Amino acid sequence: MPVLLMKRPYILIPLFLFSFGLHAQKIDLLWSGIPPGDIVGEVGEEKVEVRGVKRVSNVSKPSITYFLSSSTKATGTTVLVCPGGAYNILAIEHEGEDICQWLNEIGIHAVLLKYRVPRRKNREPYAAPLQDAQRAMGLVRKVGKSWEVPLTKLGVLGFSAGGNLAVMTATSFKQRTYEKVDLADALSCRPDFAMTVYPAYLLDQQNKDLLAPHITISKDCPPFFLVHTGDDHIPMKGSVLTYLGLEEAGVVGNELHIYPFGGHGYGLRSSKHTVSQWPQRARSWLTSLDLIKE
């Protein structure tokens, strides 16, 4: 049994158990060979550690793991889940596996994206992850036709850096950022809806009153659901400007929630702060767009 050997206070985690806690139906690698732009040996061996939160590092073989909802309310609505981790690691449990379980409970198929980290040298932090997300969108659309409850609508949900990736996926869909591989890449990589919770890296580094120049919002973008708090060390202005940009572009159906307290990295965790209610607000928003049943 392969085991990761780590110094205390880390926990030993059998590699083959990773991502199977929710009864994963299937795991697919995104690329059959070396992912585009990667260099062999650029990062070390993949590791799973628990240091406060469960985290995955050194991802060189990105994948998607399917968690199909068994709820009688399942409509085929599916969400690609992007954990955060500053584009250096993946907070794979509280911003990944736990989110997939919640989505399954409300009748949504979940697909967990294990994208490439850490940041690749001489590339934008989001560049390799965006290739992975775009590739995943096409693969999920291809596979989803064969499910017992077939895929109908495909959205993306991300946290922190994963929220940045969700924004990039929902605004950079007009052209793939890699050479097409197969028929899956002939299918659209545009999400039908996007959800971001405390998204990071949205502001222009030179002018914090503007979105980053690589974020291009147009009338063709899908509707967004955005969550942020005023006391987050990641400025809420990024979420606000994204919302305003969508509204000004004529995108219909956007919803923005700014809460006073809660900080960063809370995921689904309950607290005394009203931001803990965001899953209920998200569920209402999804219902209003006829993506899930009451």
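The values are calculated or read from the model by the stated rules, or taken from the named source; none is laboratory data. Since the structure is predicted, the reported quantities are computational estimates derived from the model, not experimental observations. Because the Cβ atoms are built from the backbone with ideal geometry, glycine has one as well, and the counts that use them run over all protein chains shown. Surface areas here come from the heavy atoms of the whole protein model, side chains and all, with no ligands, DNA or RNA. Shrake-Rupley method; radii C 1.70, N 1.55, O 1.52, S 1.80 Å.
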- prompt: Is there a residue being open to solvent by 20 Å² or more (accessible area, probe 1.4 Å) and in contact (Cβ under 8 Å) with a residue 12 or more places away in the chain anywhere in region 195-202?
  reply: yes
query: Condition test on Thr152, is it more than 14 Å from the chain's Cα centre (by Cα), under 29 Å from Asp290 (Cβ atoms), not hydrophobic (A, V, I, L, M, F, W, C) and not in a helix (DSSP H, G or I)?
result: yes
- request: Sort through Leu151, Leu157, Leu226, Leu203 and tell me the only one that's of a type in the set (A, V, I, L, M, F, W, C) and under 19 Å from Tyr115 (Cα atoms).
  value: Leu157
- request: Would you point out the residue of region 112-137, among those that are among the charged types (D, E, K, R) and closer than 18 Å to Phe159 by Cα, that is most open to solvent (accessible area, probe 1.4 Å)?
  value: Arg119
- prompt: For region 29-60, what are the residues that are surrounded by 12 or more Cβ atoms within 10 Å (Cβ to Cβ) and not in a loop (DSSP other than H, G, I, E, B)?
  reply: Leu29, Lys47, Val48, Glu49, Val50, Val53, Lys54, Arg55, Val56, Ser57, Val59
- request: Select from region 31-83 the residues that are in contact (Cβ under 8 Å) with a residue 12 or more places away in the chain and at positive phi and write down the one among them that is farthest from the chain's Cα centre (by Cα).
  value: Gly37
query: Within the set of pairs 6+ apart or on separate chains, which have a first residue in region 121-133 that is touching a residue at least 12 places away in the same chain (Cβ under 8 Å), a second that is among the β-branched types (Val, Ile, Thr) and open to solvent by 40 Å² or more (accessible area, probe 1.4 Å), and C-beta atoms under 9 Å apart?
result: Lys121/Ile39; Ala127/Thr177; Leu130/Thr177; Gln131/Thr177
message: For the structure I just gave you, tell me whether Ala200 is among the small types (Gly, Ala, Ser), at pLDDT 95 or above and in contact with a helix residue (DSSP H, G or I) (Cβ under 8 Å, 6 or more places away or on another chain).
response: yes
query: When region 141-174 is examined, which residues are found to be surrounded by fewer than 24 Cβ atoms within 10 Å (Cβ to Cβ) and either at pLDDT below 95 or of a type in the set (A, V, I, L, M, F, W, C) (or both)?
result: Val143, Trp147, Val149, Leu151, Phe173
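This table checks each residue for (1) at pLDDT 95 or above; (2) touching a Lys or Arg at 6+ places or on another chain (Cβ under 9 Å); (3) open to solvent by 60 Å² or more (accessible area, probe 1.4 Å); (4) under 30 Å from Pro150 (Cβ atoms).
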site: Tyr259; (1), (2), (3), (4): yes, no, no, no
site: Gly267; (1), (2), (3), (4): yes, no, no, yes
site: Thr274; (1), (2), (3), (4): yes, no, yes, no
site: Ile292; (1), (2), (3), (4): yes, yes, no, yes
statement: Of (1) part of a loop (DSSP other than H, G, I, E, B); (2) out of contact with any Pro (no Cβ under 6 Å at 6 or more places or on another chain), Thr65 fails just (1)
query: Before we move on, is Asp209 open to solvent by less than 60 Å² (accessible area, probe 1.4 Å) and of a type in the set (D, E, K, R)?
result: no
query: Are any residues in region 93-106 in contact with a Lys or Arg (Cβ under 9 Å, 6 or more places away or on another chain) and buried (at least 22 other Cβ atoms within 10 Å of the Cβ), and if so, which ones?
result: Gly96, Glu97
- request: Specify the residue that is nearest to Gly155 (Cα to Cα); the eligible residues are those in region 70-91 that are open to solvent by less than 10 Å² (accessible area, probe 1.4 Å) and out of contact with any Leu (no Cβ under 6 Å at 6 or more places or on another chain).
  value: Gly84
